[in-house]
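Structure record follows, encoded as structure tokens.
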Amino acid sequence: MRNEVVRIPVDGAHIEGALELPERPAGLVLFAHGSGSSRHSPRNNFVARVLREHGVGTLLMDLLTPEEDRDYSRRFDIDLLVERLVAAARWVRKNPDTAALPIGYFGASTGAAAALRAAAQDESIAAVVSRGGRPDLAPPAALSKVKAPTLFLVGGQDFGVIELNESAFSHLQCEKQLVIVPGATHLFEEPGTLEEVAAQAAGWFESHFKSSQSN
């Protein structure tokens, strides 16, 4: 297992990330966190650990610099988050250790909108997963351009967000699936619900990384 802190150049600054690669990774998943979260998010780190157990590399990163994150409004600047995610994917493709790997996006909350909009700009993205996401923050025109197979995971008790996901889901023209996790609220804190999210995400990325390499 390879584990290192990386610094990704963006707009004259750098964002930091934790890159972890199992032996012979099937692909690499870039995590886009929700507002107020970071690469140290225990929930996303749990999901990332399960992905690595399934042979998938992970890059958990802060899309904002520490200075930017202190400006509360920046956390909801989806345009900026998209730019950073695209820049991170560009860096991954130039890094000799990751250049050949299929790329996927895992977005949570507002990060899901950034992941979907970034995928709409890049047809080579192999798969997208949204956990408790706000895909409604991506406009329908962007959603309709997403080519990557996309999985929405929503808590069965996350009222309001379920409807937002269903509406955004209807605009997707790609291979897609919406899974309602029974008994889960927005943060998937209930016993067994985050495990379900991780298992669903691992299966989705494994399957579509394999198919992207065989095409």
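Taking the average, over residues, of other Cβ atoms within 10 Å as the packing measure, peptides 198-205, 54-61 rank 54-61, 198-205 from highest down. Give the shape of the stretch 2-214 as rounded, prolate or oblate, defined through the alpha-carbon gyration tensor: a ≥ b ≥ c are the square roots of its eigenvalues, a/c under 1.5 means rounded, and otherwise the shape is prolate if a/b is larger than b/c and oblate if not. Because its axes are fairly even, with a/c under 1.5, the stretch 2-214 counts as rounded. Helical content alone sets the calculated 222 nm signal of the chain at -11500 deg cm²/dmol, taking -39,500 (n - 2.57) per DSSP H segment of four or more residues and averaging over every residue.
Please say if the stretch 47-91 is rounded, prolate or oblate, where rounded means a/c under 1.5 for a ≥ b ≥ c the square roots of the C-alpha gyration tensor eigenvalues, and otherwise the choice is prolate for a/b larger than b/c and oblate otherwise? Since a/c reaches 1.5 and a/b is larger than b/c, the shape of the stretch 47-91 is classed as prolate. Panel order for 74, 84, by other beta carbons found within 10 Å of each beta carbon, from fewest to most: 74, 84. Of all DSSP bridge pairs formed entirely within the chain, close to 35 percent run antiparallel.
Assuming a ≥ b ≥ c are the square roots of the Cα gyration tensor eigenvalues, decide whether the stretch 102-147 counts as rounded (a/c under 1.5), prolate (otherwise, with a/b larger than b/c) or oblate. Oblate shape, in that a/c is at least 1.5 and b/c is the bigger or equal ratio. If only the Cβ of Lys and Arg carry +1 and only the Cβ of Asp and Glu carry -1, the dipole of the stretch 110-184 around its Cα centre is close to 120 debye.
In terms of surrounding Cβ atoms within a 10 Å radius of their Cβ, 207, 109, 212 rank from fewest to most as 207, 212, 109. Sequentially through the stretch 57-63, phi angles give Karplus couplings (6.51, -1.76, 1.60; θ = phi - 60°) of x, 9, 10, 9, 9, 8, 6 Hz, Gly and Pro residues having no value and appearing as x.
Coordinate-derived values only; no laboratory data. This is a predicted model, so every value here is computed, not measured. Cβ coordinates were reconstructed from backbone atoms using ideal geometry, including for glycine residues, and neighbour counts include every protein chain displayed.
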